[in-house]
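Below is one structure; the comments refer to it alone.
What follows is calculated from the coordinates using simple rules that are stated; it is not laboratory data. Keep in mind the model is a prediction, meaning the values are calculated, not measured. Heads up, the Cβs are rebuilt from the backbone with ideal geometry, glycines too, and the neighbour counts pull from every protein chain shown.
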Amino acid sequence: MIILYTAPGCPWCHVAKNFLDEHHIEYIEKDVSNPNYATELIQKTGQTSIPVLDIDGQIVRGFDKEKIQELLNIQS
């Protein structure tokens, strides 16, 4: 399961969503403007920076394309 923590005004969040969509990767988007999701993000990472991807328990902070490709086995 992939969870993507985002916020509406975050340009890198849009980049991450577009990347996942282009590769037909299903994910659950959690908008951290919801306090429950913000708390969940802080508990997982100790930070509030976004985007954050939780890929089967592996945390990726920011849009780290190479790391995301590695974890999802996407060839460039």
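Worth a mention:
- Filtered residues of the stretch 1-17 (kept if surrounded by fewer than 15 Cβ atoms within 10 Å (Cβ to Cβ), within 12 Å of the chain's Cα centre (by Cα) and within 14 Å of GLY62 (Cα to Cα)): TRP12, HIS14, VAL15
- Index of the failed condition, LEU4 passing every other in (1) of a type in the set (A, V, I, L, M); (2) in a loop (DSSP other than H, G, I, E, B); (3) touching a Cys at 6+ places or on another chain (Cβ under 9 Å): (2)
- Looking across the stretch 22-76 at every residue that is in a loop (DSSP other than H, G, I, E, B) and small (Gly, Ala, Ser), the one that is surrounded by the most Cβ atoms within 10 Å (Cβ to Cβ) is identified as GLY62.
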